[in-house]
Structure formats: structure tokens, C-alpha cells
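Down below is the structure, laid out as C-alpha cells.
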Amino acid sequence: MELRHLRTIVAVARHRSFTKAAEELHLAQSAISQQIRRLEVELGIEVFRRTSRSVEVTEEGKIVLAHAHRVLAEMDDFHNELEELSGLLRGTVRIGGTWPFGPYDLFGVLADFRAQHPGVAVHMIEDTQEQMLTMVRDDELDCAFASVDPDAIGEDFAATLLWEDEFVVVASVDHPIASSSHITFEQIASEDLITHRENSSLRRRLEATLGRRGLEPRIGFICTEMSAVRALASHGLGVAVLPRSVAEQDGPPIVIRPFRPEPVTWPIALVWRASRRQPPAAKVFLALALARAEEAVAEDEAPVREPSIAA
């Protein structure tokens, strides 16, 4: 058994697909299948159970997978210690993100980090909040930008709140809510809602907020792009709930109304595994990202704004 075999096991388990694992590892799918088959013969167990639709880790495979994670983590620590001794910053920073990031300029942070440390590769993925936190826990990501409350995220993680955006209701300029200064939760539950896919953090946060009040949204349209959600609302096909930073972007005209009697917020936090010894490159990136957050807070303490029309 070699390290490359362990990386193959981890990739197949993460994607639940030989094809996607092959794409990640830049190998042919047949090579992935052969590696797994030979490994299973060597171990005398079935690591993965294949079906026509997916690949599942067996109970024996879960034991192999846990050891694979530990061995690869040890090798990463080994290389990290050597890098620290050499004083050279290199390697890869692996980042996860759940858009939108509000006014926090993540892309600017990434560009500055790349310019300051050209020897470090930056890999970033966008995925669901749950998937990204799982990848941070398993050391498949160094950190993630996610919509979580740092005080309630759990002991596995450390997190710093970067920004707290405000959820607002958006609608066409001739919608009846345009005559109101604010929207109640009962009102939003009575409207046709243009919303996001079921596993969207935005949608889950809104549904949880309504659910605590015994309410359910009335779904009219489901979209994957926030710009499409905003455009549908602008054309009078329903109302939508968006972070204010998104609602106020350029696009078709809409009215923007806050929730009352209490606002609903969208926190953006930087999350990493609490007990992990971060690789040098990830440590430097975390320091830069947190420093930029402190600068942004110092420059802009944004108050809750009045109802408005955005065009």
C-alpha cells in the first residue's frame, strides 16, 4: 500500500464517484478502479460498495478511510515542519466558500495573498455549508468562509465573525409591499416566495426563522442563482429574501424592505479546525484574512438602513 492509494481512497469516498475522483487526481477512471480493486484484494475486504448510481463506503472501508485520513494528515505535518525549518512558503492553501460574502472582499484577499506568496497555490471550492464544514473537519480544507454563528459552531472548530449582513425582502416596484416601511414574518409567509435550492444555507436560515414562529414559506419559484432570484422578483413573480449586499447590486429595479419587529441576519465567518496544526501557508492566509476583516470593520460600521428602491 502506498500513499497514492490512500489519496485515491479519500477522493473516492469524498465524491462517492470513481469518475469525479479520477478528475480530481488527474487519472483515468480505469486506473482508479484498478487501484481500488488491487487494494481490496490485498486487504481481503470490500472498501467500497458499487451500485449503478453511486459508490458507498462499507463498514470495513470506514476503518480504512479513518486510517487513511490520519496517515495523510501525519505526512502533511511532516512536510509542514520541514517547510517551517526551510523558511520557504510554498504548498497549497485549500479554501471553501459559501457565497455571498457581503462587503468582505474575499477575492481581493485571495489576489493579495497570491501576489505576496507566488510559490503557494490557492485552491477554492464553493459547496454547501455542511459539506464544507465536513471537509474542514477532515482536513480536506484548511478553512472555509461560511454562514455560521461562531459561538454555536461546536468544539471541533474555531471561527471568527467577519461580517453580519441583513436579510431584506425584495419585490417589484409596484408590489403592494412597496407601500409598507417594513415586512413582518406573517406577511412573508403569505406571499409567493422566490427562493433558493433546498440545501441552500440562505433558504435554510429563512425557513428556520419562520419555523420558530410556527410559519412556513409558500414556495413559488426555486432558483440557483441570486441574480435570477432578484430578476424574478423585479418582474412581479413573487417576493424574495436576499442579503442586503446582494439586493443592492445593480440590476432591474426593486423595492427593498427590512424585516420587523426584529431583523434577520446572515453571518459570514471564517472557520478552521480548532485542534489542527495549520500548515505554514494556511497559517499566513488565515492571518491575512482576519487582518482584512478587522480593517473592514474599522472602516465601515454599517447601520441598518431605511426602506429603499434599488435599480
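The values are calculated or read from the model by the stated rules, or taken from the named source; none is laboratory data. Just so it is clear, the model here is predicted, and its values are computed rather than measured. In this analysis, Cβ positions are derived from the backbone assuming ideal geometry, glycine residues included, and neighbour counts consider all displayed protein chains. Ligands, DNA and RNA are excluded from the accessible area calculation, which covers all protein heavy atoms including side chains. Shrake-Rupley method; radii C 1.70, N 1.55, O 1.52, S 1.80 Å.
Hey, what D do you get for region 1-100 in µm²/s if you plug the Kirkwood alpha-carbon radius into Stokes-Einstein at 4 °C and 1.567 mPa s? Result for D is 86 µm²/s.
Using the heavy atoms of the protein chains and a 1.4 angstrom probe, tell me the accessible area per residue for region 1-119 in square angstrom.
Values: 7040 Å² over 119 residues.
Accessible area per residue, region 1-119: 59 Å².
Modelled label positions at Asp76 and Ile45, each set 7 Å beyond Cα in the direction of Cβ, lie 2.3 nm from each other.
Two numbers describe the Cα atoms of region 160-302: Rg and Dmax, which are 17.5, 55 Å. Roughly to the nearest percent, how much of the accessible area of the chain is carbon and sulfur, given a 1.4 Å probe? C and S fraction of accessible area: 51 percent. For the pair Glu56 and Phe221, a Förster radius of 41 Å applied to the C-beta separation gives a FRET efficiency near 0.75, rounded to the nearest 0.05.
Heavy-atom accessible surface of Trp99, to the nearest 10 Å², is about 100 Å², with a 1.4 Å probe and all protein chains retained.
Roughly how large, in nm² to one decimal, is the mean projection of the convex hull of the alpha-carbon atoms in the chain?
Details: hull surface 76.1 nm².
Average projection, Cα convex hull of the chain: 19.0 nm².
With a simple spin-label model that places each label point 7 Å from the Cα along the Cα-to-Cβ direction, the separation between Gln249 and Thr160 comes to 2.6 nm.
Under 5 Å between amide hydrogens, built in the peptide plane, is the criterion, and for Cys223 it picks out Thr195, His196, Arg197 among residues at least 5 positions away or on other chains.
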